[in-house]
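Here's the structure, in structure tokens; my notes come after.
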Amino acid sequence: MASLICGSIAYDTIMNFEGKFADQILPEQIHILNVAFLVPTMRREFGGCAGNIAYNLKLLGGDPIIMATVGGDAAPYLDRLEQLQIDATHIRQIEQAFTAQAMITTDQANNQITAFHPGAMGESHLNQVSAVVVERNKNTKGAAKFGIVAPDGRQGMWEHCHQLAEASIPFVFDPGQGLPMFNGPELLELVDIASYLAVNDYEGEMLSQRTGLSLAKVAERVKALIVTKGAEGADIYFEGKCIAIPPVPAAKVVDPTGCGDAFRGGLLFGLENGMDWETTGRLASLMGSVKITHQGPQNHQMSKDEIADQFKSAFGFAL
């Protein structure tokens, strides 16, 4: 069973600041903010929400299909996806643009400051869900049974939500850092055509403010609302109730970049395999915990058996 992942492909340049941002910012001088952070270490990683989610879903044995736009500098990323045997048929390359670039600085408290250049991502609306449906139906790969719309170009996110709904493909609306691009009525329209909604606790608060609805009320408009809370686990609202998903304590906290995407990879795998929400949430929580012990969003490598063993160890029952 395949999942269509609509979102960004990006290169992440990740830097580490050996202090705390809060110690470098003077509140009384915030109106003339001018700060510089010395970052002794820097590296470039494969990233972007669609790439990260697909990577984690593939680790679990899922069948991700990425629909995204990249620039003329994307050859290393496309080669990597081919090596990972992730379907990149529907990644559109725009030669005159850069692939999206994220410049991420993390401090000792795991706070992050990010500068993001969208590049080719701004043309994501050129991709059509219908093209994926036609192509997958023509071969033996299997049709996409689920989808996710993760942060991407604004028009692309809007159109892909509507196209998935029109194709009768149940999907997760995952607005992420793209949430501020939409006003309250627009967010409610996208929520109403989605099957599931996934946000972190900060995004959930922003969603409530923009729509004027509590999270419980928003949850009534979808099959399930998933709210991640970092080290505190997650809450899943469905069928008029809310269940708490416990966190999986990490062996060590190395880098939070991509943890939310790892969680969503587990979420999609649970949906693909008809798992209940208690199990799906716990698998997603485990994937986030595994990710945070590694630098970069796509450097954790585990077999399906290793994931299953860690799941049983963390929760006391077999996956």
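The values are calculated or read from the model by the stated rules, or taken from the named source; none is laboratory data. Computed from a prediction, not measured in an experiment: that's the story for all the values here. Methodologically, a virtual Cβ is constructed for each residue, glycine included, from the backbone with ideal geometry; neighbour enumeration extends over all protein chains shown. These area figures cover heavy atoms from the full protein model, side chains too; ligands, DNA and RNA do not enter into them. Shrake-Rupley method; radii C 1.70, N 1.55, O 1.52, S 1.80 Å.
The figures follow:
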| quantity | calculated |
| --- | --- |
| Test: residue in segment 272-283 that is under 30 Å from Tyr11 (Cβ atoms), of a type in the set (A, V, I, L, M) and open to solvent by less than 60 Å² (accessible area, probe 1.4 Å) | yes |
| Some residue of segment 210-221 being within 19 Å of the chain's Cα centre (by Cα), at negative phi and not basic (Lys, Arg) | no |
| Scope segment 284-319; condition open to solvent by less than 20 Å² (accessible area, probe 1.4 Å), of a type in the set (A, V, I, L, M, F, W, C) and in contact (Cβ under 8 Å) with a residue 60 or more places away in the chain; matching residues | Met287, Ile307 |
| Verdict on Ile94 being touching a strand residue (DSSP E or B) at 6+ places or on another chain (Cβ under 8 Å), β-branched (Val, Ile, Thr) and farther than 25 Å from Arg264 by Cβ | yes |
| Test: residue in segment 241-255 that is over 23 Å from Ile65 (Cα atoms), modelled with pLDDT of 95 or more and of a type in the set (Lys, Arg) | yes |
| Boolean, Ala224 is among the aliphatic types (A, V, I, L, M), modelled with pLDDT under 95 and surrounded by 13 or more Cβ atoms within 10 Å (Cβ to Cβ) | no |
| Hits in segment 214-243 (condition: touching a strand residue (DSSP E or B) at 6+ places or on another chain (Cβ under 9 Å), of a type in the set (Gly, Ala, Ser) and under 18 Å from Leu187 (Cα atoms)) | Ala216, Ala219, Ala224 |
| Check on Asp107, under 30 Å from Ala36 (Cβ atoms) and among the charged types (D, E, K, R) | yes |
| Residue within segment 223-244 that is under 16 Å from Phe171 (Cα atoms), among the β-branched types (Val, Ile, Thr) and part of a helix (DSSP H, G or I) present | no |
| Index of the failed condition, Ile113 passing every other in (1) of a type outside the set (S, T, N, Q); (2) within 17 Å of Ile193 (Cβ to Cβ); (3) not in a loop (DSSP other than H, G, I, E, B) | (2) |
| Strands (runs of 3 or more DSSP E) fully within segment 1-107 counting 3 or more residues that are among the charged types (D, E, K, R) and open to solvent by 20 Å² or more (accessible area, probe 1.4 Å) | 41-47 |
